[in-house]
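All of the numbers you see were taken from the coordinates with simple rules; none came from a lab. None of the values given here were measured: they were computed from a predicted structure. Cβ sites come from the backbone with ideal geometry, for glycine too, and all protein chains shown count toward neighbours.
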Amino acid sequence: MDTRPLSIPVFQILVSLSDRQLHGYAMLRDIKSRTAGRVSLTASTLYSAVNRLLDAGWIRESEDRPAPELDDERRRYFAITPSGLEALRHELWRMDWMLSTVRDKGIGPLAPREQ
Amino acid sequence: MTVARVPLPVRVYAWIVRRFLPRAFRERHGDRLVQLFGDNWLVESRTRPKPAMVALFLVEVLALLANAAREHVAVWQRVSPSRLNSSDCAGLGERVRWIRFLARDLRHAARALRKRPGFTAIAVATVAVGIGANTSVFGLLHSVLIRPLPFPDSNRLLVVDATAPERGVDDMGFSYAELLDWQEMNREFDALAGFYYADLTVSGGDSPLRLKGTLVSANFLEVLSVRPMLGRGFLPREESLHADRSILIGEGLWRSRFGSDPNIVGSSVTVGGESSTIVGVLPAQVTFPEASQIWMPFRWDPENPRYMREARMIGRLRPGATTDQALTDLQRIAALLAERHPDTNAGVGVRVRLLREVVFGNDGERILILYVVASLVLLLACANVASLLLVRNDSRRHELAIRSSLGAGRGQIVRLLLTESLLMAVLGGVLGIALGWYGRDFLLAIRPRELQPLFFPEIRPDFLFVTVAIVTATGVLFGLLPSLTATGAGSSGLVRNTGGDGKSGSKLGLTLVSANVALALTVLVGASLMVKSAMRHGALHPGFDPDNVVTLQLHLPDADWTDRARRRTFFEEVLTEVRAMPEVESASVITELAAEPKSQRWRMRQEGTESYDPREVPLVLTDVCDKGYFETMGIPLLAGRDFAGADRRDDTPQVVIVNVALARRFWPGENPIGKRIGLGGGTPSSEDRWYRVVGLVGDTYNSGWGSPTEPQAFFPLGKITPYDSYFTVRTVGNAKAVLTAMRERIWSVNPDIPLSRIRTMEQVVRQSNWHVSFNSWAFSLFSVIALVLAATGVYAITAHTVARRWREFAIRIAVGACSRDVDRLVLGRGARALGSGVVLGLSVSLVGARFLGAMLFGVSPMDLGVYVTSLGVLTVVSLSAGLVPLIRLRRQSLMAVLGGE
C-alpha cells in the first residue's frame, strides 16, 4: 500500500465532501470551521486541488442541486466518488498505521496547552 | 452585477486568472475561481480592517501565481502518460517532480547557453556590470541609510547642540551647569548625557599611542543602552573632579594593545600622563561618537562658569516622544535659562538631530543619488540584454520552430527561454556580486581611512535578499518580452524560416532602442552633472600649495609638560633641528591644519567698539603658529610681515596675523596693519588682552571645502604654547626620508612623545574632500558604462532589424534600389526610435536634475553644456553602432543572401 500522505488541501476537501455535496465557498467555510481556522485555503489553492481531484476521479461535479429557492445557479456543487472515499479511507488507515509505528515508544501527542 | 461595481481587487484577481492560468484550467474553473475569491472578499471585507484586507489580497495573489506555475507544470506533465496515478494528489511526489522538471529546464538552458558562448559572455557580463554597480552602491546605501546604528532603538537617539543664531553658530556646546539644568528640566528624554571629543595618549609599552577618545557623562552607556562586554560602565561619582581616573576601552584596543586579556578589568594604564583604571571593555561596534576607542568620565569642576561650553549632548527620547516634541521642550528650557541667566544664556538656542544624521551627514543623500543612477544602469543593462536576446532568439527561430512542431506549446517555449534568461541572470548576478565586492573595496579605497568605521558595508541577510530579488527581477525583466515575441509569430512562418513580416519583433526592437537611449541619456546627464560639479569642486584653489608639504601631529603628554617654557623650548629645539636638515626648505608648527575641520574659536572684537552687545562679539577661528608657517604652506602674505623669532618671547609686544576675511569683517575697506584686536567677550581692560595686527594673509577654505572662508586669526607660538600641534614641512627631496628623520629627531629629544597622522598635505586635502574624487570616479564610471551599454543595445537592434529583413533588402537591391535607399529605410526607423528615446530621456533628466540641485556645486541642474554634450556623444555613439550592421550588409554578396531561394 502507498504510504505517502495526501496534501492538506486534498485531504480536507475529501473530508468536507465525505458526507454531503458542497460548492467552493461552502467548502472553504466548512474546512475553516472544522479546523478552527488552522487550515485556511486560498481560492486558487482550493481550485487547484479540486482540479487534480476531478482529474483523478476522486470527486465529481454533482448534477443534484438544492431546491430552486435555495440555489444559486452560478454555483457548482461537488460530490465525492467511491474511489475518492476509498482514497480518504486509505489515508485514514495510513494515519492510523503511522501512529501504530510509534505507540511502542511510549510518547503521546502534545497536550492542547503545549501546542 | 455591473462591471463598475466589482471591487478593484477582484478585477485584478480576475485579470491575473485570465493572464497566468493555463487555458484548460482557466476554461474549466476560471469563472468560479474568480467568483469564489469575490464572494470571500465581500464577506471578509465586512469584518476585517483595511490592512488585513491588503494582506489577504497579497496572500491570495501570491498563492494564485504559485498555483498558476504549478498548473503550467501539470500541463507539461500531461505529455508523459504515467502522470494520472494516485500519487498525483500527494504533495511530496509533486515536489520531487517539480525539482525534476526544474533540473531538466536548467539542463536545457545551460546547453543552449553553452552553444553560443560569445553571446552568453556578453549578456552575462552586461548583467554582471548592472548588478555589480547596483550591489556595491546598495551596500553603501544600506550601511548609511538602512542599517540601524549599533544601539537598541537607535532612532530614539538625538544629538543636541546649543546654537547662537545671531552669531551664526550652530554647534556650540554646553557647560556643566547647563548640562545639569537640561538633565533636570527636560521632559521628553529618558536620559541625557554630555560628551566631548578628546584625543588621548596611552603611554607605556613600546611606543606611546595617540587615540581618538571621548570624555563622557557617567550615564552615557545608559543613553546608548549598551552594556560593556567586560566589566562595568561609569559610576556617577567618577564624574567628580577629585575621583580616581577610570576608563573604558573599545574591543579593538583591547585586542590590539592588551592582547585580549580577559582579566584586563581593574588593571591600570597611563592615559594622558595619569594612572587610570580600566573598568570595562565596550564591544567593537560601539565607537560612539566617532571612531572612539577610549572613554573617560568628565571631570567637571563645579566652579566652571556657565559660558565654558565644552560638551555636546546626546539623549534617548522617552518611548513615544517625537523629535518635534523634544525640540519644543528643549526650546522651552532654552527660553527659561535665558530668563534666569541673561548674561550667558540670552540668545542661546538649541537644535536636535538624529544621531544617524550627525554620524553620516550628507553622505546618505549623496549615496542615494548614486544608487538611483546605479539602478538606472541596471535597468539599462536589462534593456540591453533584452535587445541581445531579441537578436539571439531571432537566430534561433528555426530551433524554436522545430520544438513547436514537435509539440511544444507556447508556454513551454516561453518557460525554456525564461529559464535561460534566469540562468544568465544568476550567472551575471554571482559575477556581479563579486564585482560589487571589488567595487566596494574600490569605494572604500577612495574613502579615507579615518572616516566613519560605521560607514562600512558588510554582507548581511537582508542585503543578500535584496540582491537575490534584483537578480530574479532582472532575469524576468529582460527575458520575458523577447521570449513572448519569439513565440508570438505563427509557427508556419517559423518553420519556413522566412522571417515573416517581423512586425512584432521590430516594434519591440524599436521600443528597446528608445528605452536604451532614454535610460543612457538620463544616466549620462545625471552623472555628467555630478562629475562636472565634482570637477568644479576639485578645481578650487585651496588657498595654499599642498605640493611637497608633509605633516605630522604631535602631542605633549599633559601631565609632564605643564610648564609653558619647557614646551616652548621643546618646539624651538625640534624646529631648529628640522630646519637644519638639507631636504627641508622650510618648517613650522600650527595647531590645526588648513583644509581640516577647525574647533578653536575665540571671541574677538576690534578696538574702537566701545559699546557693544556681548552676544554680538564674533567667534573667530583661532590658531597658533610659528614663523615660517605661511611660507611652508604657500599661503600668500599680502601685507605686513610674518612672525619673527622675537615674537615668541614674553617681553615683546603682542602681535597677531589675520586673514582677509577677518580684515574685511572688522575693518571693511581699511588697511588692517597696525590695528588692534581684543580677546574675549568682556571688556578687555588689561593691556595683555590686546594684539596688534602685523600681517595680512590670503584666505584658505577653513570651514569646509567650497564654503565661504571664516575670519581667522593666527597667534605666535611662544606666548601661547599648545600641547597639540602639527609640524608642517616643505621638502625638496624625498618626503618619506624627511619624515623618518623628523621622527627620530623628535624622539631623540623625548621618546615618550606620541606622533600620529603622518601624511602629505595632498593626502590631507584628499581626505578632507574625499567625496569629490569619490563622485568623479563613481559617476564617470557609470557614464562610461551607460555609453557602452547604449552602443551595444543599439547595435544589437539594428543588426536584428537588418538580419530580419536581410532578404527583403537583398531583393530590393536586386530589383534596382541602391544601397543608400536601404540605409535610409533602416536609419529612418532607427532615427525615429532614437528621437523618441532622446525626448523621453531629456524629459526624465530635466525632472530628475531638479533633485540634484542641492548636491551640485557651481553647476546649474539645467547646465546647457552638459545636456548638449551628453546628447551629442550619445547620438554619435548610437548612430555609429547602428551603422555597423549596414556596412556589413553592403559587404555581403547578394547571391549569398538570396542563395537559399
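Can you give the calculated 222 nm mean residue ellipticity of chain B, where each DSSP H run of n ≥ 4 adds -39,500 (n - 2.57) and the sum is split over every residue, rounded to the nearest 500 deg cm²/dmol? Could you put the intermediate results ahead of the total?
Details: 27 runs with 479 residues, N = 901.
Here the helix-only value at 222 nm equals -18000 deg cm²/dmol.
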Item to check | Loop GluC sites (Glu not before Pro), region B:224-332, which have at most 13 other Cβ atoms in a 10 Å radius of their Cβ (DSSP) | outcome: B:Glu303
Item to check | Rg/Rh (Cα only; Kirkwood hydrodynamic radius) as it applies to region B:260-317 | outcome: 1.03
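For region B:251-357, which trypsin sites (Lys or Arg not before Pro) are both in a DSSP coil and crowded by at most 15 other Cβ atoms within 10 Å? Intermediate results must be reported in sequence, preceding the final value.
Working: sites: B:Arg255, B:Arg257, B:Arg299, B:Arg306, B:Arg309, B:Arg312, B:Arg316, B:Arg332, B:Arg340, B:Arg351, B:Arg353, B:Arg356; in loops: B:Arg299, B:Arg306, B:Arg309.
Answer by residue number: B:Arg299.
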Checklist outcome for this item: Relative to chain B, whose Cα atoms define the longest principal axis, helix B:735-749 and its Cα axis are tilted in degrees, nearest 10, by 40
Checklist entry - Using a basic spin-label model with each label point 7 Å from the Cα along Cα→Cβ, how many nm lie between B:Arg23 and B:Met308? => result 8.9
Checklist outcome for this item: Here, B:Ser260 and B:Trp690, labelled 7 Å along Cα→Cβ, have an inter-label distance in nm of 6.5
Checklist outcome for this item: Here the convex hull volume per residue of chain B, taken over Cα atoms and given in Å³, is 247
Next on the checklist: Within 10 Å of each Cβ in B:26-32, how many Cβ atoms from other chains are there, averaged over the peptide?
Outcome noted: 4
Checklist entry - Between B:Ala539 and B:Glu357, what is the label-to-label distance in nm when each label sits 7 Å out along the Cα-to-Cβ direction? => result 3.4
Item to check | Acute angle (nearest 10 degrees) that the helix B:117-141 long axis makes with the longest principal axis of chain B, alpha-carbon atoms | outcome: 40
Checklist outcome for this item: Final fewest-first order of B:Leu529, B:Leu593, B:Leu755 on the 10 Å Cβ neighbour count is B:Leu755, B:Leu593, B:Leu529
Next on the checklist: Just want to confirm a number: the relative contact order over chain B, from Cα pairs under 8 angstrom separated by 6+ residues, in percent.
Outcome noted: 15
Item to check | Cα-based helix-to-principal-axis angle, B:23-47 vs chain B, degrees rounded to 10 | outcome: 40
Checklist entry - Within 10 Å of each Cβ of A:45-56, how many other protein chain Cβ atoms are there on average? => result 6
Next on the checklist: Which of B:Arg665, B:Arg187 has the fewest other C-beta atoms within 10 Å, and how do the rest follow up to the most?
Outcome noted: B:Arg187, B:Arg665
Item to check | Residues A:Leu92 and A:Thr35, FRET efficiency given R0 of 22 Å [Cβ-Cβ distance, rounded to 0.05] | outcome: 0.85
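How well do other chains shield peptide B:516-524, expressed as the mean number of their Cβ atoms within 10 Å of each residue Cβ? Spell out each step's value before the answer.
Details: counts 0, 0, 0, 0, 0, 0, 0, 0, 0.
What the average comes to for B:516-524 is 0.
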Checklist outcome for this item: On the formula 1/(1 + (r/R0)^6), with r taken between the Cβ atoms of B:Phe851 and B:Val59 and R0 of 30 Å, the FRET efficiency rounded to 0.05 is 0.25
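Once the piece of chain linking B:Gln763 and B:Val12 is laid out straight, how much longer is it, given 0.36 nm per residue of separation minus the C-alpha distance between them?
Working: separation 751, 0.36 × 751 = 270.36 nm, distance 5.89 nm.
Going from the current span to full extension adds 264.5 nm.
Under DSSP H, which helices of chain A have Cα atoms covering 18 Å or more of the helix axis and a Kyte-Doolittle average no less than 1.6?
On the way: long enough: A:43-56 (20 Å, 0.42); A:82-103 (31 Å, -0.38).
TM-like helix candidates: nothing returned.
If R₀ is 22 angstrom, what is the calculated FRET efficiency for the pair B:Arg114 and B:His398, using the beta carbon separation as r and rounding to 0.05?
Working: r = 18 Å, r/R0 = 0.83.
Efficiency, from the Cβ-Cβ distance: 0.75.
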Next on the checklist: Using +1 at the C-beta of Lys and Arg and -1 at the C-beta of Asp and Glu, which of B:Pro708, B:Thr474, B:Ile247 has the Cα lying farthest in the positive direction of the dipole of chain B?
Outcome noted: B:Thr474
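Got a sec? How would A:Trp93, B:Trp667, B:Trp254, B:Trp300 order by Cβ neighbour count within 10 Å, fewest to most?
Working: A:Trp93 12, B:Trp667 17, B:Trp254 23, B:Trp300 20.
Taking fewest neighbouring Cβ atoms as first place, the list is A:Trp93, B:Trp667, B:Trp300, B:Trp254.
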